[in-house]
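Reviewing the structure listed below.
Laboratory data are not the source of any read-out in this text; all were calculated from the coordinates shown. Keep in mind that what you see is a predicted model, and the values were worked out from it rather than measured. As a convention, Cβ positions derive from the backbone with ideal geometry for all residues, glycine included, and neighbour counts pool all protein chains shown.
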Amino acid sequence: MNIHSFHIPVLGLAFSVDTPIKVAHLGIDSVMSIVEDSLLEQVRKFYSEKHGFKFQPITNKVTDARAKRITQYLNLVKKIAEEKFARFKKSCSLGEAIDYFGMLPDASSLKKQFLKLKEIGNSADLINYARNHAKMGSIDVNIMTKLDRVNFKGAQPLGKEYNDAHAALRGFAKSELQSSLILSAGLNPSLYSYMASFDDFFPDERGVFRKKIILKVSDYRSALIQGKFLAKKGLWVSEFRIESGLNCGGHAFATDGHLMGPILEEFNQNRAELRQTLFDIYATALEQGNRPSQIPVPEMKISAQGGVGTADEHTFLQEQYGMDAVGWGSPFLLVPEATCVDRGTRERVRASKEKDLYLSEISPLGVSFNNLRDNTKDLEKEELIRKGKPGSPCIKKYLAFNTEYSKKPLCTASRKYQHIKIKELEENKLPPVQYQREYRKITEKACICTGLSTPFLLENELETGQSGEGVSICPGPNIAYFTELVSLRKMIDHIYGRANIITRNDRPHMFIKELGLYMDHFKKLMDEYALDASKKVKNRVSSFVKNLEAGIAYYQQLDLNLSNEMATGFRTSLKKAQSKLELLSHQLCLEAV
């Protein structure tokens with residue numbers, strides 16, 4: 001049972017790597033990335049020594065080292081979190097009990113009962129209530145399905161089960177955690193099929209799952225396709241986590257102009273049908289696999305995240321669209337009690353404005369990546385370019401996917417790849433302006449493997465070694481409106497409307513902010529259309545326009561229950577966007593819809 005109505009989504013590699021250790025005993029759900037097993041090994045060593053546990057390193061010479069590192073780290077996190085929770089219950093003071101239940105949403109039945117007892121004034125009863133009713137938060141993990149690099153032994157590729165995502169899945173499946181796996185970045189058929197190898201993802205005779213599956217999706221169609229694929233394997237999706245395509249942190253998977261509001265509406269309208277459709281397929285698959293099939297229809301939650309910044313928005317998503325929970329990501333980068341960010345980077349995030357936050361092409365994955373201008377990893381990259389040594393040493397190779405020049409994939413941010421690519425560019429004898437443009441495309445890529453891991457090492461004063469001290473960070477655009485470091489309690493009070501930590505009065509509604517981001521994205525499509533006016537590109541642009549116009553029309557009739565001033569601003573923003581869209585579409589000789 002979730003006792004909070006928010007969760008902390010995965011934040012890069014290091015930023016939420018130990019968040020469950022910090023917040024699970026307080027009943028807060030959070031998500032760690034398990035992509036970077038070498039980082040997890042360093043974190044495991046740090047916390048083992050901190051808590052006096054024996055640490056036995058798992059070296060690269062150990063068979064299946066990646067999966068084993070992940071398993072051991074997750075087991076350690078579970079052990080520490082459970083010990084903290086057990087200490088809380090055993091030695092719970094009146095003040096600790098008041099703090100624990102004070103953080104819960106005011107609508108919580110647990111909190112209401114606690115407050116009733118508090119009116120009576122019996123401290124012993126309050127403490128006993130806390131011991132009997134306090135719950136731990138879920139310790140969840142995230143795998144980006146596309147980060148499934150083939151691994152080699154010498155020159156020979158290893159079996160698919162040793163691919164990065166497959167090994168990470170195995171590491172989680174073999175851990176002692178009873179929690180959820182969040183799968184993001186789309187369908188990976190091989191990985192999804194591999195999940196059926198592990199009993200923990202299937203229900204027992206009572207219909208209980210030891211490990212649940214959560215899919216992060218950007219639209220209803222994707223949810224249906226992926227949900228059906230898994231259901232045919234006898235695997236149930238316990239939650240669909242809808243994330244804004246652009247108003248989010250990390251990699252941005254933009255839709256074709258489908259906006260968050262209409263997407264949430266579609267999920268809300270079709271929720272029961274989606275659950276029943278998937279259950280019919282799922283029950284048949286269980287029966288065919290000789291697994292318990294006479295079970296009730298399992299729970300299927302729907303949650304949303306991406307750009308949420310006020311208690312009103314949080315409540316609106318719950319009441320208007322029936323969201324079971326709301327994810328709050330980037331704002332927690334300003335909560336030292338919950339996340340791991342080195343001091344210098346956290347200060348850069350705190351001071352950031354809209355102009356400092358942009359959608360970049362620095363990721364070697366070839367997917368747009370939310371970036372903070374002048375982060376130390378980018379400054380380090382630019383210094384190498386000035387010295388005539390572009391590219392980074394490819395130490396970890398997690399994003400090595402390019403096979404243009406060798407059977408063993410290279411990372412496009414690596415020194416080796418960029419050296420080959422630049423030499424090839426020089427041979428083309430391009431005009432200076434065109435050469436510089438192509439040169440920047442090559443050298444723009446950054447080593448985010450190390451950049452997103454280093455903050456844990458810096459924050460805890462550990463050696464960074466070959467990785468260097470450059471830090472990459474990928475907050476969403478929403479962080480521009482949060483301008484101070486706050487305590488965990490104050491952030492939670494902000495989420496539930498008991499406090500307000502946004503001092504700026506010009507923050508747009510999350511739907512308007514996302515619309516603006518899509519309008520900027522549309523301009524990029526226009527540039528593409530100017531270079532390639534093929535029917536395929538024209539159809540894509542036309543579809544994008546139609547979807548944006550449909551989204552604007554939806555928002556125009558939506559009752560957001562805003563104050564008069566905010567409602568006026570909302571409608572004005574919609575009209576401006578609609579006029580701009582009409583102008584841009586006319587420039588492309590498209591018919592206005």
Asp356, Asp559, Asp342 arranged by Cβ crowding within 10 Å, fewest neighbours leading: Asp559, Asp356, Asp342
Rg and Dmax [Cα atoms of segment 343-472; Å; Rg one decimal, Dmax integer]: 15.4, 49
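Hey, got a sec? Which GluC sites (Glu not before Pro) in segment 490-593 land in a DSSP loop and have at most 10 other Cβ atoms within 10 Å? Each step should come with its number before you reach the end.
On the way: sites: Glu514, Glu528, Glu549, Glu565, Glu582, Glu591; in loops: Glu591.
Those that pass, being in a loop and sparsely packed, are Glu591.
Are there GluC sites (Glu not before Pro) in segment 362-435 that DSSP puts in a loop and that have at most 15 other Cβ atoms within 10 Å, and which ones? Walk me through the numbers on the way to the answer.
Numbers: sites: Glu380, Glu382, Glu383, Glu404, Glu424, Glu426, Glu427; in loops: Glu404.
Passing both the DSSP loop test and the Cβ count: Glu404.
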Separation between Cα centres of segment 124-165 and segment 509-551, rounded to whole Å: 36 Å
Cleavage-rule hits (GluC sites (Glu not before Pro)) in segment 264-313: DSSP loop, at most 15 neighbouring Cβ within 10 angstrom: Glu299
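Using only the alpha carbons of segment 266-419, what is the convex hull's orientation-averaged projected area in square nanometres?
On the way: hull surface 62.3 nm².
Convex hull of Cα atoms, orientation-averaged projection: 15.6 nm².
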Reach of Lys228 by Cα under 24 Å, taken over lysines that are not fewer than 8 positions away in the same chain: Lys146, Lys160, Lys211, Lys212, Lys216, Lys301
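Rg to Rh for segment 32-180: what is it, with Cα atoms only and Rh by Kirkwood? Working shown, then result.
On the way: Rg = 20.7 Å, Rh = 18.0 Å.
Ratio of gyration radius to Kirkwood radius for segment 32-180: 1.15.
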Projected area, mean over directions - segment 508-593, Cα convex hull, nm²: 5.3 nm²
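Per DSSP H run of at least 4 residues, take -39500 (n - 2.57); add these up for the chain, divide by its residues and hand me the 222 nm value, nearest 500 deg cm²/dmol. Numbers along the way, then the final one.
Values: 21 runs with 277 residues, N = 593.
Helix contribution divided over all residues of the chain: -15000 deg cm²/dmol.
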Bins of 5 Å, starting at 0 and running to the largest distance - Cα pair percent for segment 1-87: 3, 14, 24, 24, 19, 10, 5, 2, 0
Separation of alpha-carbon centers, segment 302-332 and segment 98-120, rounded to whole Å: 22 Å
For segment 458-481 versus segment 16-63, the gap between their alpha-carbon centres in whole angstrom: 18 Å
For the chain, fraction of C-alpha pairs farther apart than 30 Å, in %: 56 percent
